[in-house]
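This report concerns only the one structure given below.
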Ligand SMILES: [Zn+2]
Ligand SMILES: [Zn+2]
């Protein structure tokens, strides 16, 4: 029995095993620090708040591996860049919607720079006789080339508004005009 114990002790004391042990410890330490660095990099892409980033990195540093695992479970699902991109897309869609209106004749969605309704061919705007750019209904002169327009400037959008207005709004419109 003593012999067995001694031989195990000898193996444990052998320089080769000791070297292997140090190598293992070194690898674990490198992996640990790499995970801390990864937490920092990942948190900066996902979290806007510097304090929370510091807490995440410290957790990863103080509790090796477990801290990183906890961070991975609790981290926000989306990258900040993706969130920003989605917000930009939403804003672009909003703008697109705001620049559309209904054709007063057939109720098709038309953009506010259309000259003619693509569906029912109703004239939505007139164009300048000289440079052929679309004119706002209230313009008496073309702002691009200075040509006089022959538009009658009278209550520009009122008829269309009256058509779409709710009864109570129509009443208010009538009152304001009277
Ligand atoms: Zn139309
Ligand atoms: Zn013009």
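Here are the numbers for this structure:
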| item | result |
| --- | --- |
| Single condition residue 35 does not satisfy, out of (1) under 30 Å from residue 84 (Cα atoms); (2) exposed (fewer than 13 other Cβ atoms within 10 Å of the Cβ) | (2) |
| The stretch 103-116: number of residues that are away from ligand 2 (no atom under 16 Å from the Cβ), closer than 20 Å to residue 136 by Cβ and either touching a residue at least 24 places away in the same chain (Cβ under 8 Å) or in a loop (DSSP other than H, G, I, E, B) (or both) | 5 |
| Any hit, the stretch 95-103, residues being surrounded by fewer than 13 Cβ atoms within 10 Å (Cβ to Cβ), modelled with pLDDT of 85 or more and within 27 Å of the chain's Cα centre (by Cα) | yes |
| Within the stretch 55-90, considering residues that are under 30 Å from residue 26 (Cβ atoms) and under 25 Å from the mean Cα position of the chain (by Cα), the one surrounded by the fewest Cβ atoms within 10 Å (Cβ to Cβ) | 73 |
| Condition broken by residue 119, with the remaining ones in (1) over 24 Å from the mean Cα position of the chain (by Cα); (2) assigned by TED's automatic domain parsing to the domain that holds residue 25; (3) touching a residue at least 12 places away in the same chain (Cβ under 8 Å) satisfied | (2) |
| Members of the stretch 139-155 that are at pLDDT 85 or above and part of a loop (DSSP other than H, G, I, E, B) | 139, 140, 142, 143, 144, 145, 146, 147 |
| The stretch 121-140, residues that are farther than 22 Å from residue 95 by Cα, more than 16 Å from ligand 2 (Cβ to nearest atom) and surrounded by 13 or more Cβ atoms within 10 Å (Cβ to Cβ) | 122 |
| Tally of residues being near ligand 2 (Cβ under 10 Å from one of its atoms) and under 20 Å from residue 105 (Cβ atoms) across the stretch 141-154 | 0 |
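The values are calculated or read from the model by the stated rules, or taken from the named source; none is laboratory data. The shown structure was predicted, so the numbers you read here are calculated from the model rather than taken from an experiment. Please note: Cβ atoms are built from the backbone with ideal geometry, for glycine as well, and neighbour counts cover all protein chains shown.
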